[in-house]
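Here, each number is a calculation from the coordinates, and none is a lab measurement. No experiment lies behind these values; they were computed from the predicted model shown. Here the Cβ is made from the backbone with ideal geometry for all residues, glycine too, and neighbour counts use every protein chain on show.
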Amino acid sequence: MSTMKVSVVTPDGPVYETDVEMISVKALSGELGILPGHIPMVAPLSISAVRLKKDNETHLVAVSGGFLEVRKGQVTILAQSAEIPSEIDPERAKAAKERAERRLKNGPKDNMDSKRAELALKRAINRLNVTGM
Ligand code: ATP
């Protein structure tokens with residue numbers, strides 16, 4: 001089966017580089033499945049899990065949004081943060097989730113705080129989902 005190169009990159013450097021047969025992402029516009037030979041495109045991503053499929057195995061990467069860029073034979077996912085499951089500390093994600101929930105429950109001081117807490121909550125839930133917790 002044909003494959004394409006995929007790199008997941010953050011400001012700290014590459015998180016994951018591999019050849020895959022299919023990539024599934026959650027773009028802001030909805031789910032996207034990318035196969036080798038896909039036309040070039042750029043799409044903004046949700047806080048979500050990227051699914052990388054090869055040899056009947058699916059590898060997950062948690063991304064905090066960012067962008068998907070498809071070029072000929074090469075896919076790049078650029079995000080502020082991205083983790084493979086083994087790099088995720090579930091206790092830290094649980095603590096972040098509880099902190100964000102407390103902030104939302106206690107009534108944030110302004111809209112900005114509320115938006116930040118909502119995004120932090122989504123990142124934490126996404127990390128826990130990716131670790132299977
Ligand atoms: P926290 O409040 O725990 O820092 P956060 O969602 O605010 O969570 P980010 O700003 O998205 O964290 O990420 C900052 C850095 O910490 C990134 O390099 C990210 O990969 C890493 N990171 C965040 N949460 C975790 C986690 N639970 N396990 C491992 N690395 C994490």
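Restricting the trypsin sites (Lys or Arg not before Pro) of the range 80-133 to loop positions (DSSP other than H, G, I, E, B) with no more than 12 neighbouring Cβ atoms within 10 Å leaves 109. Net charge around residue 102, counting only other residues with Cβ within less than 14 Å of its Cβ (Lys, Arg = +1; Asp, Glu = -1)? Charge balance near residue 102 sits at +3. Beta bridges from DSSP with both residues in the chain: antiparallel share about 90 percent, rounded to the nearest 5. For the range 33-78, applying the loop criterion from DSSP together with a ceiling of 16 other beta carbons within 10 Å to the trypsin sites (Lys or Arg not before Pro) yields 72. Along its principal axes, the chain has C-alpha extents of 52, 27, 26 angstrom, given from the largest down.
Which of the residue pairs 94/115; 72/122; 26/97; 26/72 have a Cα-Cα distance greater than 26 Å in the structure shown? Don't jump to the answer; show the numbers that get you there.
Numbers: 94/115 19 Å; 72/122 32 Å; 26/97 21 Å; 26/72 21 Å.
Going by Cα-Cα distance, 72/122 fall outside the 26 Å limit.
Taking the range 30-61 and a reference point 7 angstrom along Cα→Cβ of residue 74, the backbone N atoms nearer than 18 Å belong to 35-43.
Relative contact order of the chain: what whole-number percent is it, with Cα pairs under 8 angstrom and at least 6 residues apart?
Working: 268 pairs, mean separation 29.0, N = 133.
Rounded, it is 22 percent for the chain.
Using the reciprocal of the averaged 1/r over all distinct C-alpha pairs, how large is the Kirkwood radius of the range 19-93 in Å? Each step should come with its number before you reach the end.
Details: mean 1/r = 0.0784 Å⁻¹.
For the range 19-93, inverting the mean 1/r across all distinct Cα pairs yields 12.8 Å.
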